[in-house]
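Take a look at the structure set out below.
The values are calculated or read from the model by the stated rules, or taken from the named source; none is laboratory data. Just so we're clear, the structure is a prediction, and the values are computed from it rather than from any experiment. Cβ placement follows ideal geometry from the backbone for every residue including glycine, while neighbour counts extend to all protein chains displayed. For the accessible areas, the whole protein counts, side chains as well, though only heavy atoms, and no ligand, DNA or RNA atoms are used. Shrake-Rupley method; radii C 1.70, N 1.55, O 1.52, S 1.80 Å.
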Amino acid sequence: MELHSEYNEYRISVPQEFENVFTHFYFAENSSEFSITKKLLPTYQTILLFCFGESATMSTREKTVIQIDKCMVFGPVRQAFEYTLPSGSSILVANFKDDAFFRFFGKISIEQPARHPDELLEENCFTDLWHQLISLHSTSGQVNHILEFCRPYLQHRDSTSQLLSSFENDLLNPIKVIAEQTQQTERNIQRKQKEQFGYSLKELARYNRFLKAIKIIEKETERQNLVKWFTIIDECGYYDQSQLIHDFRHFINISPAQYLKFQQEICNPRS
């Protein structure tokens with residue numbers, strides 16, 4: 001659509017030092033004359049969002065609308081939501097990786113809905129940070145400022161969390177393997193996964209299956225190929241077409257066919 005020609009968005013990679021803390025930063029700005037609404041795919045990440053200019057809004061599946069004046073923390077993002085940038089608005093988003101949110105703030109609010117981030121700490125530090133960021137004239141400068149700000153709060157990752165984060169063998173049960181490696185009970189490993197990452201490994205496996213389907217769809221549409229649904233079902237490990245549709249409904253509240261139709265209006269932060 002023509003009005004989207006003045007909507008600018010891009011990802012910003014992080015230095016190697018912070019690669020186990022943030023996956024990336026995301027920037028978007030609306031310099032058109034109209035408000036622009038997009039749907040954000042679920043990420044299973046906790047995110048810290050700063051808003052500049054006109055206030056942005058986000059809308060949940062239950063149609064709850066939240067206004068974002070300066071900054072907000074929410075996640076892990078399990079289901080898609082819509083966000084609207086009015087004319088003259090921009091956002092900068094920090095995407096926490098794995099257990100990084102826990103390493104900053106401990107158990108506080110990792111299962112909670114969207115909150116003003118100043119509630120997470122005793123002092124009014126995030127609003128102060130927003131005021132510091134708005135005085136900077138480049139997005140890269142803002143990102144570097146956030147990284148330096150975060151440095152004193154970050155705790156070291158323990159060995160169990162490191163094993164959970166790096167486990168890649170799909171044929172083995174990570175809970176069982178890590179429990180044996182660390183001489184802990186499986187229940188303790190499950191508790192730590194849920195407490196520090198904010199989700200279970202079963203939830204994550206379902207999400208990764210869905211994300212794999214999304215990536216195949218995006219690749220085929222980029223090549224202008226016809227999407228072969230039964231190939232996706234087979235490659236992603238779905239039982240049948242109804243299970244694929246159920247996952248689309250669960251994560252983004254639309255059918256696979258509707259996803260194809262509205263793909264330009266959907267933001268995939270993982271791509």
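Among the residues here, residue 179 qualifies as farther than 30 Å from residue 233 by Cα and either in contact with a Lys or Arg (Cβ under 6 Å, 6 or more places away or on another chain) or at pLDDT 90 or above (or both).
Counting only residues that are in contact with a Cys (Cβ under 7 Å, 6 or more places away or on another chain) and over 19 Å from residue 167 (Cα atoms), the stretch 200-223 holds 1 of them.
Report, by residue number, each residue of the stretch 34-54 that is outside any strand (DSSP E or B) and on the phi > 0 side of the Ramachandran plot.
In the first step, residues of the stretch 34-54 are kept if they are outside any strand (DSSP E or B); the result is 34-35, 41-46, 54.
Selection gives 44 alone.
Inside the stretch 81-101, can you point out the residues that are open to solvent by 10 Å² or more (accessible area, probe 1.4 Å), farther than 22 Å from residue 141 by Cα and outside any strand (DSSP E or B)? Within the stretch 81-101, 86, 87, 98 meet the criteria. State yes or no: is residue 242 without any contact (Cβ under 8 Å) to a residue 24 or more places away in the chain, among the small types (Gly, Ala, Ser) and loosely packed, with under 12 Cβ neighbours inside 10 Å? In short, yes. Please determine, by comparing only the residues of the stretch 245-265 that are free of Cβ contacts under 8 Å to residues at least 40 places away in the same chain and of a type in the set (D, E, K, R), which one is farthest from residue 80 (Cα to Cα). Ranking the candidates gives 261 first. So for the stretch 217-231 (the condition being assigned to a helix (DSSP H, G or I) and under 20 Å from the mean Cα position of the chain (by Cα)), does at least one residue qualify? Checked the stretch 217-231: at least one residue is assigned to a helix (DSSP H, G or I) and under 20 Å from the mean Cα position of the chain (by Cα). Here is the figure for the stretch 5-23: residues that are in a helix (DSSP H, G or I) and open to solvent by 70 Å² or more (accessible area, probe 1.4 Å) total 4. Counting only residues that are part of a helix (DSSP H, G or I), open to solvent by 50 Å² or more (accessible area, probe 1.4 Å) and of a type in the set (S, T, N, Q), the stretch 145-197 holds 5 of them.
Results for (1) under 26 Å from residue 205 (Cβ atoms); (2) assigned to a strand (DSSP E or B), shown as yes or no for each residue.
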position	(1), (2)
32	no, no
58	no, yes
61	yes, no
73	yes, yes
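Please tell me if residue 258 is within 26 Å of residue 171 (Cβ to Cβ) and not hydroxyl-bearing (Ser, Thr, Tyr). In short, no.
Checked against (1) in contact (Cβ under 8 Å) with a residue 24 or more places away in the chain; (2) open to solvent by 10 Å² or more (accessible area, probe 1.4 Å); (3) under 26 Å from residue 194 (Cβ atoms), residue 41 meets all criteria but (2).
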